[in-house]
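Down below is the structure, laid out as structure tokens.
The values are calculated or read from the model by the stated rules, or taken from the named source; none is laboratory data. Every value quoted in this text rests on a predicted model; they were computed, and no experiment measured them. Glycine also receives a Cβ, built like all others from the backbone with ideal geometry; neighbour counts cover every protein chain displayed. Please note that ligands, DNA and RNA were not included when accessible areas were found on the heavy atoms of the full protein model with its side chains. Shrake-Rupley method; radii C 1.70, N 1.55, O 1.52, S 1.80 Å.
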Amino acid sequence: MLRMEPVSVTGMGCVCAAGTNLKDILRALEAGQRAPLPPSRFKSGHTRTYPVFEVPEHGRCEQKNGPDLSMTAHFALHAVKEALLQAGLAISELDASRVGVCIGTSVGASLNLLDFYRGTRAGQTPDLEPVHRYLNSNPAVALAHALGTTGPVQTVVNACSSGADAIGLAASWIAQGTCDIVIAGGADEMSEVTYNGFIRLMISDQYPCRPFDKSRSGLNLGEGAGIVILEASASREQRNGHELATILGYGTAADAHHLTAPHPQGVGLKLAISDALDAAGLAAADISFINAHGTGTANNDTVEAAVLNELFPQTPFISTKGMTGHTLGAAGAMEAIFTMAHLATGGIPASAGFSEEDPTLNASPARLHTPVHGKAAISQSLAFGGNNSVLVIGKGRAI
């Protein structure tokens with residue numbers, strides 16, 4: 001694995017159930033107060049209630065003009081405005097640089113037009129508006145159109161590692177000199193299809209999820225977006241931009257063990273971690289903490305805990321999905337942003353939902369707010385199909 005040149009992060013933006021901006025979300029993560037509820041935008045016929053983490057209504061839609069867009073695209077637009085503001089970049093300035101857009105998603109790339117399908121099957125001629133909305137709403141293309149960028153545009157669809165993969169790919173565009181700036185991250189909305197799908201897989205919890213806890217019983221779905229501004233050093237220095245964090249390394253590996261279950265020995269995850277550390281030129285001992293994938297499912301948490309215990313036996317870790325739910329294609333990006341913020345402040349919050357150690361696991365997440373020391377941390381994502389993606393994140397020089 002070739003050594004990767006660090007890539008500057010100059011802006012971050014986020015929206016999820018815990019808040020509609022990064023400052024409020026970080027405050028919520030520290031407070032640990034959560035209240036997932038049944039989905040409000042669709043009804044299901046299940047006799048049991050499966051709570052979800054929905055974005056507050058005031059964080060759902062902002063764009064009043066332009067094409068009709070999906071909620072996934074609106075989440076991305078909401079987060080990118082915060083990220084650009086923090087970076088000190090006006091939209092009007094973007095056409096002066098080589099700006100790329102790389103966004104990960106899962107639901108946002110799916111034709112979840114259930115009412116349209118029902119109407120068609122019933123012999124009706126339903127309005128084509130939802131189809132047009134879908135065609136307008138490729139997340140990366142929608143952002144590029146809204147911002148007027150002219151560089152490369154890529155939407156990454158790799159299940160639950162999509163957001164992390166988008167940031168890793170975007171960092172390579174900077175490192176290779178393809179772009180001066182890349183707007184990268186992930187976005188996904190709540191979907192009736194995925195909601196029912198995870199229930200059918202029998203990995204949804206009827207209660208607020210409890211990652212790594214003895215009593216864990218599955219995940220809660222979430223939604224939202226996380227966007228970062230990645231910038232070449234020359235571009236950042238020319239405009240006196242602040243380096244908030246750095247992407248030091250990226251590794252991705254698919255062990256193709258199973259359609260939905262991780263490899264029991266975490267083969268792909270170990271390889272992704274090894275590649276990311278090699279790219280960063282770091283060893284496991286250099287990592288101050290880990291933001292784990294931590295879904296609350298029996299399989300994921302068992303495998304992930306075993307790998308963490310083997311490779312990072314003394315390193316604290318957390319799962320933030322107890323506060324955001326599993327946001328699928330947005331998760332890797334959102335959790336990378338949380339990792340950047342916690343690395344900057346020198347502390348990680350308690351892992352929400354965790355209260356009782358599981359004796360079958362060899363590792364447990366932080367139970368209380370934990371100070372962390374060091375200049376690097378890891379955010380890791382596991383996905384269906386045996387996909388595993390790892391970002392090594394460093395402190396910025398502006399911190």
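Tabulated data for the structure shown
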{"quantity": "Verdict on residue 64 being charged (D, E, K, R), open to solvent by 40 Å² or more (accessible area, probe 1.4 Å) and modelled with pLDDT under 95", "calculated": "yes"}
{"quantity": "Members of segment 311-368 found to be closer than 14 Å to residue 163 by Cβ and acidic (Asp, Glu), listed by number", "calculated": "335"}
{"quantity": "From the options 285, 256, 272, 261, residue that is buried (at least 18 other Cβ atoms within 10 Å of the Cβ) and either modelled with pLDDT of 95 or more or part of a loop (DSSP other than H, G, I, E, B) (or both)", "calculated": "272"}
{"quantity": "Breaking point among (1) part of a helix (DSSP H, G or I); (2) within 21 Å of residue 223 (Cβ to Cβ), for residue 112", "calculated": "(1)"}
{"quantity": "Selection status of residue 72, of a type outside the set (A, V, I, L, M, F, W, C) and under 21 Å from the mean Cα position of the chain (by Cα)", "calculated": "yes"}
{"quantity": "Of residues in segment 219-236 being small (Gly, Ala, Ser) and surrounded by 22 or more Cβ atoms within 10 Å (Cβ to Cβ), the one farthest from residue 159 (Cα to Cα)", "calculated": "232"}
{"quantity": "Qualifying residue in segment 44-54 (condition: of a type in the set (Val, Ile, Thr), modelled with pLDDT of 95 or more, in contact with a Pro (Cβ under 8 Å, 6 or more places away or on another chain) and under 27 Å from residue 199 (Cβ atoms))", "calculated": "yes"}
{"quantity": "Odd one out for residue 173, checked against (1) in contact with a Pro (Cβ under 7 Å, 6 or more places away or on another chain); (2) open to solvent by less than 10 Å² (accessible area, probe 1.4 Å)", "calculated": "(2)"}
{"quantity": "Whichever residue in segment 176-200 is touching an Asp or Glu at 6+ places or on another chain (Cβ under 9 Å) and charged (D, E, K, R) and, among such residues, is surrounded by the fewest Cβ atoms within 10 Å (Cβ to Cβ)", "calculated": "180"}
